[in-house]
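Peer 1: Quick one: structure below, then a few questions.
The values are calculated or read from the model by the stated rules, or taken from the named source; none is laboratory data. What you see is a predicted model, and the numbers here were worked out from it, not measured in a lab. Every residue, glycine as well, gets a Cβ built from its backbone with ideal geometry; the counts of neighbours run over all protein chains shown.
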Amino acid sequence: MTNPLLTDDLLPAFGRIRTEHMEPAIDQILSDNRMQIQDLAQQQEPTWDTLAQPMQALDDRLNNAWAVISHLNAVMNSDDTRQAYKNCLEKITEYGTELSQNTELCGAYKALAAREDFAELHPDQRKAIENTLRDFRLGGVDLPDEQKQRYANLSRELAELSNKFSDNVLDATQHWYCHITDVEELAGVPETAIEGARQAARQRDLDGYVITLDFPSFYPVMTYGDNRDLRRRVYEAFVTRASDMGPDAGKWDNSQVMAEILKRRHAQSQLLGFNNYAERSLATKMARSIDEVMDFLNQLAARSRPVAEQDVAALKAFVRDTYGVEELEAWDIGYYSEKLRQQRYDISQETLRPWFPADKVVPGLFAVAEKLFGVQIEAQPEVETWHPDVHAYRISRDGQPIAWFYLDLFARQGKRGGAWMADCRVRWRNQQGHLQLPVAFLTCNFTPPVEGKPSLLTHDEVTTLFHEFGHGLHHMLTQVEVADVSGINGVAWDAVELPSQFLENWCWDQQSLALIASHHETGEPLPQALLDKLLAAKNFQSGMQMVRQLEFSLFDFRLHAEFDPQSPVQPLEVHRQVRREIAVVESPAFNRFPNSFSHIFAGGYAAGYYSYKWAEVLAADAFSLFEEHGIFDPETGHSFLANILEKGGSQEPMALFKAFRGREPEVDALLRQSGITGDAA
């Protein structure tokens with residue numbers, strides 16, 4: 001029987017894929033690739049057709065199998081899958097390092113770039129080759145043999161450590177739960193969350209209710225639960241995950257894992273001639289220097305912190321005057337902030353939930369994309385998926401398919417928390433002229449339907465869905481046919497959030513809300529009074545929110561820029577230093593936030609978390625053009641499609657932004673959107 005991970009099918013055969021297929025498939029592909037690369041690297045006069053194009057084919061075959069394996073490990077995690085993933089990861093890391101340090105292959109690419117007719121190649125092809133040569137350098141190709149081996153060992157160890165960090169967070173998150181037998185303890189918690197807690201208890205063969213650390217479970221307790229002791233228990237469990245503190249102290253502790261990751265990143269960076277990992281990180285980003293990033297973050301902090309201080313002062317005064325509470329604890333902030341929001345605006349996320357049933361929001365999201373970018377999106381129920389909750393869709397233009405995607409909306413056991421987009425297949429044209437269409441994985445962790453009742457989303461969750469779909473559109477609407485710069489490939493990391501944060505704006509406009517909001521029982525559109533309240537509350541505590549994101553960004557960047565192997569500072573201490581300088585809310589001594597900060601220790605955001613704010617400036621400024629011309633203006637929508645989404649990583653992001661906006665980005669649009677004006681600050 002053919003291994004389903006080795007077929008050339010556009011859509012993976014999820015119904016036939018088994019854990020035992022994973023490692024043999026990767027072994028086969030790596031073996032085939034090594035043999036062919038040996039021949040490709042020997043060419044005396046390589047061309048695009050004899051070198052770069054065959055290499056794309058080899059990369060694509062590996063990516064297609066690995067994308068499925070890594071995705072299943074994230075959304076259907078089990079002991080067997082985890083072990084297979086770990087084994088494959090070790091082999092792929094070794095292969096990747098071997099490839100990036102292949103002197104003969106690098107020499108062949110240099111020879112290709114030095115050809116007299118290089119300038120005659122398509123610009124997308126030239127950009128791909130330039131990126132490849134850059135990546136050879138960043139992979140250590142120019143190092144002496146002994147240092148090459150050291151670099152390879154560090155790469156392998158880093159892959160293992162990042163995977164270990166991720167596993168620890170997942171285990172710590174999924175092993176903790178709070179069993180409650182008396183519903184009175186859940187006073188204030190919305191009925192939808194109580195139903196979810198009842199279902200979670202039944203899944204564990206328990207009576208009563210179970211609160212977990214999955215977002216749809218812990219968030220309603222922290223935001224609405226009247227029981228202060230319960231809020232503290234849930235908060236403490238959440239912020240001490242994978243650490244030396246909390247209920248499972250030390251069992252899945254990431255403290256040493258973080259220290260080892262930082263040490264190896266720094267060592268690798270120095271081997272390549274960088275002073276630290278922050279410098280190494282910026283080699284593939286829009287920002288040009290450590291000073292530029294720090295100035296950017298500090299400028300935003302200076303503008304935002306006074307507004308954040310006003311937010312906190314208002315909250316403390318409200319709590320003192322209304323509830324007689326003199327000391328606000330960390331587990332009180334979300335709860336009393338929600339009380340203040342309701343008093344000021346008479347609205348909450350729970351008030352809005354009935355108007356955002358998932359089965360209305362999803363087609364509404366598609367309608368927004370269809371109006372903006374001239375595409376059609378249709379469900380494909382015949383396509384097999386990895387879980388009954390998952391649905392497949394096809395995107396078409398003028399009746400012709402241009403992309404596919406899978407939508408996996410709901411939280412469940414064995415699925416990593418958070419929300420993300422990942423590529424399953426990349427758009428590119430092979431040597432035989434066949435065009436492979438892009439395929440995306442779109443993953444969220446919303447509250448699933450309970451006992452026949454539909455899944456009702458908060459407005460925050462609607463925004464999350466739009467954000468991830470923005471990433472998906474960047475991947476799927478590309479017109480680039482060179483794999484290395486197609487979709488999100490080759491896009492500078494601090495520009496990759498532009499389409500995602502840009503699309504969030506359509507969650508706040510009356511015209512687009514008409515497409516995504518209607519009452520789950522009556523079909524009634526979102527009432528004008530509720531819309532007015534939603535918009536009025538949009539920038540509630542925006543100063544506090546801005547400062548919190550800047551805290552994460554500064555912590556991440558300083559951690560990597562200031563690392564000193566002679567006296568390595570503990571991540572926890574760096575986090576506390578940053579908080580002392582920028583935070584406006586006290587954090588308890590037991591808080592171990594860094595230990596579960598997967599973005600930078602197990603994701604792609606190391607020394608790059610600032611990218612969210614950097615790209616937010618781009619997104620706000622891009623949207624301001626729609627504000628000028630109309631949010632569904634066809635000409636502006638086509639310009640964003642043609643200049644940003646279709647171009648992928650084929651040109652520098654600043655050039656693409658200027659082609660769309662007519663100038664370089666300005667920070668004022670973001671501050672205005674956030675309600676942080678010059679006057680307020």
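Peer 1: Can you find, within the range 429-455, the residue that is surrounded by the fewest Cβ atoms within 10 Å (Cβ to Cβ) among those that are charged (D, E, K, R) and part of a strand (DSSP E or B)?
Peer 2: LYS453
Peer 1: Which of the residues spanning the range 443-472 are of a type in the set (Gly, Ala, Ser) and within 21 Å of GLY414 (Cα to Cα)?
Peer 2: Residue satisfying the conditions is SER455 alone.
Peer 1: Let me ask something additional. Report yes if ILE26 is under 28 Å from the mean Cα position of the chain (by Cα), at pLDDT 95 or above, outside any helix (DSSP H, G or I) and not assigned by TED's automatic domain parsing to the domain that holds TRP428, otherwise no.
Peer 2: The answer is no for ILE26.
Peer 1: Please state which of the following conditions HIS71 fails to meet, knowing it meets all the rest: (1) crowded, with 20+ Cβ neighbours inside 10 Å; (2) more than 20 Å from VAL169 (Cβ to Cβ); (3) touching a strand residue (DSSP E or B) at 6+ places or on another chain (Cβ under 7 Å).
Peer 2: (2)
Peer 1: Of everything in the range 497-510, what is surrounded by fewer than 22 Cβ atoms within 10 Å (Cβ to Cβ) and at pLDDT 95 or above? Give them in sequence order.
Peer 2: Hits for the range 497-510 are GLU504, ASN505, TRP508.
Peer 1: If you go through the range 150-173 one residue at a time, do you hit one that is within 22 Å of GLN44 (Cβ to Cβ), among the hydroxyl-bearing types (Ser, Thr, Tyr) and not in a loop (DSSP other than H, G, I, E, B)?
Peer 2: no
Peer 1: Would you confirm whether or not the range 110-117 contains a residue that is in a loop (DSSP other than H, G, I, E, B) and under 23 Å from the mean Cα position of the chain (by Cα)?
Peer 2: No, the range 110-117 contains no residue that is in a loop (DSSP other than H, G, I, E, B) and under 23 Å from the mean Cα position of the chain (by Cα).
Peer 1: For the range 585-604, give me each residue that is in a loop (DSSP other than H, G, I, E, B) and surrounded by fewer than 21 Cβ atoms within 10 Å (Cβ to Cβ).
Peer 2: Passing the criteria: VAL585, GLU586, SER587, PRO588, ALA589, PHE590, GLY603, GLY604.
Peer 1: Can you report the number of residues in the range 536-567 which are touching a His at 6+ places or on another chain (Cβ under 9 Å) and either buried (at least 17 other Cβ atoms within 10 Å of the Cβ) or among the acidic types (Asp, Glu) (or both)? Even if it seems obvious, please write down each step before you answer.
Peer 2: First, pick out the residues of the range 536-567 that are touching a His at 6+ places or on another chain (Cβ under 9 Å): 551-552, 555-556, 559-560, 563-565.
Imposing the further condition that a residue be either buried (at least 17 other Cβ atoms within 10 Å of the Cβ) or among the acidic types (Asp, Glu) (or both) reduces the set to 551-552, 555-556, 559-560, 563-564.
Qualifying residue count, the range 536-567: 8.
Peer 1: Filter the range 207-226 for residues that are surrounded by 15 or more Cβ atoms within 10 Å (Cβ to Cβ) and not in a helix (DSSP H, G or I) and give the result. I'd like the intermediate steps shown before the answer.
Peer 2: Going residue by residue through the range 207-226, those that are surrounded by 15 or more Cβ atoms within 10 Å (Cβ to Cβ) are 208-225.
Within the range 207-226, GLY208, TYR209, VAL210, ILE211, THR212, LEU213, ASP214, GLY225 meet the criteria.
Peer 1: Starting from the range 217-233, take each residue that is farther than 12 Å from CYS178 by Cα and list its partners that are among the acidic types (Asp, Glu), counting only C-beta distances under 6 angstrom and pairs at least six apart or across chains.
Peer 2: THR223/GLU338; ASN227/GLU185
Peer 1: Among the hydrophobic types (A, V, I, L, M, F, W, C), more than 30 Å from ARG427 (Cα to Cα), assigned to a loop (DSSP other than H, G, I, E, B) and not assigned by TED's automatic domain parsing to the domain that holds ARG265: does that describe ILE631?
Peer 2: Against the criterion (among the hydrophobic types (A, V, I, L, M, F, W, C), more than 30 Å from ARG427 (Cα to Cα), assigned to a loop (DSSP other than H, G, I, E, B) and not assigned by TED's automatic domain parsing to the domain that holds ARG265), ILE631 does not qualify.
Peer 1: Restricting attention to the range 634-658, which residues are over 16 Å from GLY374 (Cβ atoms) and assigned to a helix (DSSP H, G or I)?
Peer 2: Matches in the range 634-658: PRO653, MET654, ALA655, LEU656, PHE657, LYS658.
Peer 1: Still on this model: Identify, please: which residue in the range 41-52 is surrounded by fewer than 18 Cβ atoms within 10 Å (Cβ to Cβ) and touching a helix residue (DSSP H, G or I) at 6+ places or on another chain (Cβ under 9 Å) and is, among those, nearest to LYS127 (Cα to Cα)?
Peer 2: THR47
Peer 1: Tell me the residue from PRO216, PRO144 that is more than 23 Å from VAL257 (Cβ to Cβ), modelled with pLDDT of 95 or more and either in the same structural domain as ILE92 (by TED's automatic domain parsing) or of a type outside the set (Lys, Arg) (or both), please.
Peer 2: PRO144
Peer 1: Further question on the same structure: Strands (runs of 3 or more DSSP E) wholly in the range 319-424 with at least 1 residues that are touching a residue at least 60 places away in the same chain (Cβ under 8 Å) and small (Gly, Ala, Ser) - which ones? I'd like the intermediate steps shown before the answer.
Peer 2: On the way: elements: 376-379, 391-397, 400-410.
Fully inside the range 319-424 and qualifying: 391-397, 400-410.
Peer 1: Condition (residue is among the acidic types (Asp, Glu) and at positive phi) applied to the range 466-488: is it met by at least one residue?
Peer 2: No, the range 466-488 has no match at all.
Peer 1: Are any residues in the range 111-145 charged (D, E, K, R), closer than 27 Å to SER155 by Cα and surrounded by fewer than 13 Cβ atoms within 10 Å (Cβ to Cβ), and if so, which ones? Give the derivation first.
Peer 2: If we filter the range 111-145 for residues that are charged (D, E, K, R), which is where we start, we get 115-117, 120, 124, 126-127, 130, 134-135, 137, 142, 145.
Adding the requirement that they be closer than 27 Å to SER155 by Cα leaves 127, 130, 134-135, 137, 142, 145.
If the condition is that a residue be charged (D, E, K, R), closer than 27 Å to SER155 by Cα and surrounded by fewer than 13 Cβ atoms within 10 Å (Cβ to Cβ), then ARG134, ASP145 are the ones that fit.
Here's the yes/no breakdown for (1) in contact (Cβ under 8 Å) with a residue 60 or more places away in the chain; (2) in contact with a Gly (Cβ under 6 Å, 6 or more places away or on another chain); (3) of a type in the set (S, T, N, Q); (4) within 24 Å of VAL426 (Cα to Cα):
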{"residue": "ASN33", "(1), (2), (3), (4)": "yes, no, yes, yes"}
{"residue": "ASP39", "(1), (2), (3), (4)": "no, no, no, no"}
{"residue": "ILE69", "(1), (2), (3), (4)": "yes, no, no, yes"}
{"residue": "ILE92", "(1), (2), (3), (4)": "yes, no, no, yes"}
{"residue": "GLU104", "(1), (2), (3), (4)": "yes, no, no, no"}
{"residue": "ASP124", "(1), (2), (3), (4)": "yes, no, no, yes"}
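Peer 1: Please enumerate the residues belonging to the range 456-506 that are of a type in the set (Ser, Thr, Tyr) and in a helix (DSSP H, G or I). Spell out the reasoning first.
Peer 2: In the first step, residues of the range 456-506 are kept if they are of a type in the set (Ser, Thr, Tyr); the result is 458, 463-464, 478, 486, 500.
Scanning the range 456-506 gives THR463, THR464, SER500.
Peer 1: Sticking with this one: Quick check on the range 407-423: of everything there that is under 12 Å from MET476 (Cα atoms) and of a type outside the set (D, E, K, R), which residue is surrounded by the fewest Cβ atoms within 10 Å (Cβ to Cβ)?
Peer 2: Restricting to residues being under 12 Å from MET476 (Cα atoms) and of a type outside the set (D, E, K, R), the top hit is ALA422.
Peer 1: Here is a follow-up. Kindly check whether there is at least one residue in the range 511-527 that is among the aliphatic types (A, V, I, L, M), assigned to a loop (DSSP other than H, G, I, E, B), more than 16 Å from the chain's Cα centre (by Cα) and surrounded by fewer than 22 Cβ atoms within 10 Å (Cβ to Cβ).
Peer 2: Yes, that holds for at least one residue.
Peer 1: From the set of residues in the range 250-266 that are of a type in the set (A, V, I, L, M, F, W, C) and surrounded by 17 or more Cβ atoms within 10 Å (Cβ to Cβ), which is farthest from the chain's Cα centre (by Cα)?
Peer 2: TRP252
Peer 1: Considering only the range 555-583, how many residues are closer than 18 Å to GLY603 by Cβ and aliphatic (A, V, I, L, M)?
Peer 2: Residues meeting the conditions: 1.
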